[in-house]
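Input: a single structure, listed below in structure tokens.
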Amino acid sequence: MDASVRDALAGAPKPVPHAARPGAGLRLRRALLMSRATKPAVFLLALSPLLLLVWRGLTMRLGANPAQAVIWTTGLWALRMLLITLAVTPLRVITGWTELARLRRMLGLFTFAYAVLHFLSYFGLLNDFSVAQVARDVVKHPFVLAGMSALLLLTPLAATSTNGMIRRLGAQRWRTLHRLVYLIAPIAVFHYWWAKLAKNNTADPKIYALLLALLLGWRIARALRARLRRAAAA
């Protein structure tokens, strides 16, 4: 082979093996998850329960007790958003869809927003903004105290969700603070369970408790495996 041809071939980029090339499905998934339209689409999906609730209110379709319907709907979606947010990391790790991580902050803020609406509905529609009445409820009903505790614990997480706050706190302190979510989630499930217990209907809370147990159990198992690997490597 001519020397000039050999040198040209030596400098040419090596063909990428077929196995190393991202498949069409992977490229499509990345394109969809990283698209500019993805976050607005997820935002609208997360907002849709509230829009539906408003539409039901405007069309007089909230049932015989509209105040109770608003309180239950906002509270239920706060809990659902919390579990969806907790599901992001397991889904990301199990599926390899690392792009899902960019949606976690927005889902967490929706959790907080629905929780605030839930509290304001309870405070205003059920108690006429009476602090004294709420205080009596806290003493009388443990689930009210649990719900308010979960909201108070969510507040610093929402307040420190920006990149600026992450830099200000430092990554390690920020992560430590946001581990409060592992305390908030059981409190929120307890809040829902106890409220339903008063109506002798715990079928739905059991489902949410099971989902939470799976999400937290996966994290515990993963942490134990990581600790065993570190111990073996030491």
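The values are calculated or read from the model by the stated rules, or taken from the named source; none is laboratory data. Just so we're clear, the structure is a prediction, and the values are computed from it rather than from any experiment. Here the Cβ is made from the backbone with ideal geometry for all residues, glycine too, and neighbour counts use every protein chain on show.
Worth a mention:
- Subset of segment 110-132 (residues that are surrounded by fewer than 17 Cβ atoms within 10 Å (Cβ to Cβ) and in contact (Cβ under 8 Å) with a residue 24 or more places away in the chain): Val116, Leu125, Leu126
- Out of Ala209, Ala195, sole residue that is among the small types (Gly, Ala, Ser) and in contact (Cβ under 8 Å) with a residue 40 or more places away in the chain: Ala195
- Scanning segment 45-64 for residues that are farther than 28 Å from Leu103 by Cα and loosely packed, with under 11 Cβ neighbours inside 10 Å yields Leu58, Thr59, Met60, Gly63, Ala64.
- Selection count, segment 138-149, where residues are surrounded by fewer than 17 Cβ atoms within 10 Å (Cβ to Cβ) and not in a loop (DSSP other than H, G, I, E, B): 5
- Of the residues examined, Ala231 is not one that is closer than 22 Å to Leu79 by Cα, free of Cβ contacts under 8 Å to residues at least 60 places away in the same chain and of a type in the set (A, V, I, L, M).
- When the test is whether a residue is assigned to a helix (DSSP H, G or I) and at pLDDT below 95, Ala231 passes it.
- Scope segment 28-74; condition assigned to a helix (DSSP H, G or I), of a type in the set (A, V, I, L, M, F, W, C) and out of contact with any Leu (no Cβ under 9 Å at 6 or more places or on another chain); matching residues: Leu28, Ala31, Leu32, Ala41, Phe43, Leu45, Leu47, Leu52, Val54, Trp55, Leu58, Trp72
- Checking each residue in segment 90-144 for being more than 22 Å from Lys199 (Cα to Cα) and of a type in the set (D, E, K, R) picks out Arg92, Glu99, Arg102, Arg104, Arg105, Asp128.
- Among the residues of segment 198-222, those identified as over 21 Å from Leu82 (Cα atoms) and either in contact with a helix residue (DSSP H, G or I) (Cβ under 9 Å, 6 or more places away or on another chain) or loosely packed, with under 10 Cβ neighbours inside 10 Å (or both) are Ala198, Lys199, Asn200.
- In segment 161-198, the residues that are among the hydrophobic types (A, V, I, L, M, F, W, C), in a helix (DSSP H, G or I) and more than 20 Å from the chain's Cα centre (by Cα): Leu169, Trp194, Ala195, Leu197
- The residue of segment 94-109 that is modelled with the highest pLDDT, among those that are surrounded by fewer than 16 Cβ atoms within 10 Å (Cβ to Cβ) and among the small types (Gly, Ala, Ser), is Ala101.
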